[in-house]
Amino acid sequence: MLSFLLFLLALHVQSQGHKCPSFKYPSFKCPSLLQKSSNLARHGGPGGPGGPGGPGVIHQTWKRHELDSKSRAWFNSWTAKNPSCQHKLWNDTEVEALVRSKSAQLIWPIWDGLLPVERADAFRYLVLWAYGGYYADIDVACLVPISEMAFPKETDMIVGYETGHHLTEAERRGARFSRTDQFEQWFFASSPSNPVLLRCLELIREKFAWRIESTLELTGPATFTDAVHEFLEKDSPEALSNLIAGHTGRSSRFSKRLFPSESLYRRGNLTMWVLASQRVSSPGYSSDDDPGTPIVQHHFSGTWK
């Protein structure tokens, strides 16, 4: 018993030596659709600073705080359209401190083994798990104020499809996608302590141990999509019955999307709103019934390279 108490004391002392940079949340609330964070305490993990007001923050990251003219214009679009939101640009030093502080046992031990783009992937999951809010890549522009985005107010997480319909396996290979029903991760939102994001971090650690070399598979859309699908398929009899039916006829197998877009899904105490691909300006493979009004514009500038 004594040795166990000493072990806990050592962990406490170690954690005090690595402080995440101070991140003050404003007293006002960003027009947020992610305010139902009280239920998330049941899922464990740290809550957002300031309680339910925490999710009203826009998070982005770049190597340093200085941006080129194009990136600055995209970055400023978020501030201009959302003046009541706090807007945080994390540089590499701050990202490293966040990981060291908030994921000391899961991601920090493998940090040196991740490429810069893989670190950026891990960061986006971790920062929203720790603090909640909205995440956007630096080459994503805001087209619609958050207060005017048509999300249900009870939403705990917002994700977007990368395609307008379920891809065939041939289409998936041709597009070089990792999954046939893939979710993009250049823009998404979440309340803090979301178990879906914690699962993303767990998958990264597991796949790292499996020596997965593909960035898309290790930290990118494959991992994000897998975690989202685990949530959607949990306790979902209709998903299981559709899968079984799909196996009975190979010619039409898996031809339909199991979880249509522009829909709210509830699993236990957690809810998720799924955006159509054109909402997040995902090019190609669109669908006639896919809403065509984008809320963000992804410029695909390849800033991760």
Quiz item: What is the sum of charges around TRP186, taking Lys and Arg as +1, Asp and Glu as -1, for the other residues whose C-beta is under 13 Å from the C-beta of TRP186?
Solution: -3
Quiz item: Tally Lys/Arg at +1 and Asp/Glu at -1 over every other residue whose Cβ is under 10 Å from the Cβ of ASN91; what's the total?
Solution: -2
Quiz prompt | Relative contact order (percent, whole number), the range 155-202, Cα cutoff 8 Å, 6+ residue spacing | solution = 48
Quiz prompt | Estimated FRET transfer efficiency when R0 is 25 angstrom, pair ALA97-ALA150 (beta carbons, to 0.05) | solution = 0.10
Quiz prompt | Burial ordering of HIS165, HIS299, fewest other beta-carbon atoms within 10 Å first | solution = HIS299, HIS165
Quiz item: Tell me, SER301, SER277 in order of fewest to most beta-carbon neighbours within 10 Å?
Solution: SER301, SER277
Quiz item: According to the Kirkwood expression over distinct Cα-Cα pairs, how big is the hydrodynamic radius of the range 118-165, in Å?
Solution: 12.9
Quiz item: For PHE259, PHE300, PHE224, what's the fewest-to-most ordering of other Cβ within 10 Å of each Cβ?
Solution: PHE300, PHE259, PHE224
Quiz item: Once amide H atoms are built 1.01 Å from N in the peptide plane, which residues 5 or more positions from VAL296, or in another chain, come under 5 Å H to H?
Solution: LEU143, SER281
Quiz item: Using 1/(1 + (r/R0)^6) with R0 = 51 angstrom and r between the beta carbons of LEU143 and ALA209, what's the FRET efficiency to the nearest 0.05?
Solution: 0.80
Practice problem: Apply 1/(1 + (r/R0)^6) to the Cβ-Cβ distance of ARG173 and PHE300, taking R0 = 22 Å, and write down the FRET efficiency to the nearest 0.05. | Solution: 0.65
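We did not get these values from a lab; they are worked out from the coordinates using the rules stated. It should be emphasised that the depicted structure is a prediction, and the values quoted were computed from it without experimental measurement. Don't worry about glycine lacking a Cβ; one is built from the backbone with ideal geometry, like all the others, and counts go over all protein chains shown.
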